[in-house]
């Protein structure tokens, strides 16, 4: 009997789903918005990375952190593109267990890294407003490189046990996923084994990444507000707050669907099945789309350098 189960485990696949309630997922009208979002996101982040790399005047801490955010967004797009576009363009629904485990690992890792980068960007804004004269001397290039390495190691180390824990399970139920990509919570529910260890570790990851990073970002902005309120000049007060608008937009765009999706998976058993699907797409596709647009629109200096890359 165990041999049969082992054979079934090695040969079985998960079946991905496009839009809930849409029978014909191989639909041009559904695939067009996704293709457009991917094209705009990849071009936007690539242009910002190219501008920062080629212009020495942009080799400052703020723009280096922005380039880290762009690289993370591109990694998240690459991790989700094969299955999302595959199911809408080619009706390719099957994904092997190993490929599914690898995809969810990369998705979770890049999201953890992006959360860490947003925390570093909050720290960057705090230093720039609190101690502008020592801003460059505090956030040196070697120090920023070490911070980025810690973010990557944290994301990989925290998320690596997820596919290893899932791989030891037997999957004997109907393996139809409700998303067009693999998620840890949903794949875990397909297992026939005891998943209490995964549940506990999932809560541990949520507290260690989302909750901790949000708390530290909140504390950073409390300190920023405390510093800004001590500024007597009204123009300087507005100028200091204006430097944080882009980062606040990035934080809201990233954490709002992330937190909502976590709460729905944990507590919203009776909610509409379409809501977590929409939030899932927003969680993965909206931040890489919005971040380059917001930063290029808010920063006149960055926008002028982007134009200079194409118009000599």
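Which of the residues that make up the stretch 228-247 are at pLDDT below 90 and surrounded by fewer than 14 Cβ atoms within 10 Å (Cβ to Cβ)?
229, 230, 232, 233, 234, 235, 236, 238, 239, 242
Per-residue answers, yes or no, for (1) within 16 Å of residue 123 (Cα to Cα); (2) part of a loop (DSSP other than H, G, I, E, B):
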site	(1), (2)
188	no, no
191	no, yes
204	no, no
207	no, no
217	yes, no
236	no, no
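I need every pair where a residue in the stretch 18-36 that is on the phi < 0 side of the Ramachandran plot and surrounded by 12 or more Cβ atoms within 10 Å (Cβ to Cβ) has its Cβ under 7 Å from the Cβ of a residue that is modelled with pLDDT of 85 or more and assigned to a loop (DSSP other than H, G, I, E, B), sequence separation at least 6 or different chains.
Here the result reads 18/180, each pair linking the stretch 18-36 to a residue that is modelled with pLDDT of 85 or more and assigned to a loop (DSSP other than H, G, I, E, B).
Would you call residue 83 touching a strand residue (DSSP E or B) at 6+ places or on another chain (Cβ under 7 Å) and within 17 Å of residue 41 (Cβ to Cβ)? Steps first, answer last, please.
On the way: touching a strand residue (DSSP E or B) at 6+ places or on another chain (Cβ under 7 Å): yes; within 17 Å of residue 41 (Cβ to Cβ): yes.
Criteria met by residue 83.
Kindly provide the set of residues from the stretch 155-192 that are over 26 Å from residue 282 (Cα atoms), surrounded by 14 or more Cβ atoms within 10 Å (Cβ to Cβ) and without any contact (Cβ under 8 Å) to a residue 60 or more places away in the chain, ordered by number.
165, 169, 191
List every residue pair whose Cβ atoms lie under 8 Å apart, where the two residues are 6 or more positions apart in sequence or sit on different chains, the first residue falls within the stretch 130-154 and is in contact (Cβ under 8 Å) with a residue 60 or more places away in the chain, and the second residue, located anywhere, is outside any helix (DSSP H, G or I) and surrounded by fewer than 16 Cβ atoms within 10 Å (Cβ to Cβ).
141/59
Having 1 or more residues that are over 27 Å from residue 301 (Cα atoms) and in contact with a helix residue (DSSP H, G or I) (Cβ under 8 Å, 6 or more places away or on another chain) is the bar; report the helices (runs of 4 or more DSSP H) wholly within the stretch 29-148 that clear it.
Once the helices (runs of 4 or more DSSP H) in the stretch 29-148 are filtered for at least 1 residues that are over 27 Å from residue 301 (Cα atoms) and in contact with a helix residue (DSSP H, G or I) (Cβ under 8 Å, 6 or more places away or on another chain), what remains is 61-90, 97-130.
Considering each residue of the stretch 149-181, count those that are in a loop (DSSP other than H, G, I, E, B) and either modelled with pLDDT of 95 or more or out of contact with any strand residue (DSSP E or B) (no Cβ under 7 Å at 6 or more places or on another chain) (or both), and give that number. Before you say what the answer is, go through the steps one by one.
Taking the stretch 149-181 as the starting set, the residues that turn out to be in a loop (DSSP other than H, G, I, E, B) are 160, 168-175, 177-181.
After this cut, where a residue has to be either modelled with pLDDT of 95 or more or out of contact with any strand residue (DSSP E or B) (no Cβ under 7 Å at 6 or more places or on another chain) (or both) as well, the list is 160, 168-174, 178-181.
Counting residues in the stretch 149-181 that are in a loop (DSSP other than H, G, I, E, B) and either modelled with pLDDT of 95 or more or out of contact with any strand residue (DSSP E or B) (no Cβ under 7 Å at 6 or more places or on another chain) (or both) gives 12.
Only helices (runs of 4 or more DSSP H) wholly contained in the stretch 242-312 count here; list those with 1 or more residues that are out of contact with any helix residue (DSSP H, G or I) (no Cβ under 9 Å at 6 or more places or on another chain) and free of Cβ contacts under 8 Å to residues at least 40 places away in the same chain.
245-267, 300-310
Hey, can you tell me all the residues within the stretch 200-224 that are surrounded by fewer than 14 Cβ atoms within 10 Å (Cβ to Cβ) and more than 21 Å from the chain's Cα centre (by Cα)?
Matches in the stretch 200-224: 200, 219, 222.
The values are calculated or read from the model by the stated rules, or taken from the named source; none is laboratory data. Given the structure is predicted, the values throughout are model-derived calculations rather than measurements. In this analysis, Cβ positions are derived from the backbone assuming ideal geometry, glycine residues included, and neighbour counts consider all displayed protein chains.
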